[in-house]
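Each remark here refers to the structure printed beneath this line.
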Amino acid sequence: MYEQLLCHLTGDYLLQTKWMAQNKEKNIKAALFHCVTYTAPFVLITQNIVCLFLIFFLHLIVDYTGVVKKMSNKQMEDYPDHLRSFVVIARDNTVHLLINYFILR
């Protein structure tokens, strides 16, 4: 499902503004705007309203709570900072892609 990957990358990187990225964990408005723009590309691959809502809602939960970052930071206390950032980004993307994969199935 390369379409899913393209939708994820578009929503999470191309459409996310600096303001959204910097504020989505502390400002619900920023998180909501980000999740709307994140979900928008998925309309190209599904018009199922339940799927779109789940993609939106679960992305909101993961990003607003910062759960992946919090769990990763606890597990990587001995990692150098530059590697820690890379691993957190990789884990966050993996979580979002797995969630979307199961929703779209």
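Per the Debye formula on identical point scatterers at the alpha carbon atoms of segment 2-104, with no solvent, log10 I(q)/I(0) at q = 0.10, 0.11, 0.13, 0.15 Å⁻¹ is -0.27, -0.33, -0.45, -0.60. By the helix-only formula, in which each DSSP H run with n ≥ 4 contributes -39500 (n - 2.57) and the sum is divided by residues, the chain has a 222 nm mean residue ellipticity of -23000 deg cm²/dmol.
Can you tell which of P41, T10, L54 lies farthest toward the positive end of the dipole of the chain, using +1 and -1 charges on the Cβ of basic and acidic side chains (Lys, Arg; Asp, Glu)? It is L54.
When D81, D12, D92, D63 are sorted by how many other C-beta atoms sit within 10 angstrom of their C-beta, beginning with the fewest, the order is D81, D92, D12, D63.
Each of L32 and A90 was given a label point 7 Å from its Cα along the Cα-to-Cβ line. The distance between the two points is 3.6 nm.
Since every read-out is calculated from the coordinates, none of them should be taken as a lab result. It should be emphasised that the depicted structure is a prediction, and the values quoted were computed from it without experimental measurement. Every residue, glycine as well, gets a Cβ built from its backbone with ideal geometry; the counts of neighbours run over all protein chains shown.
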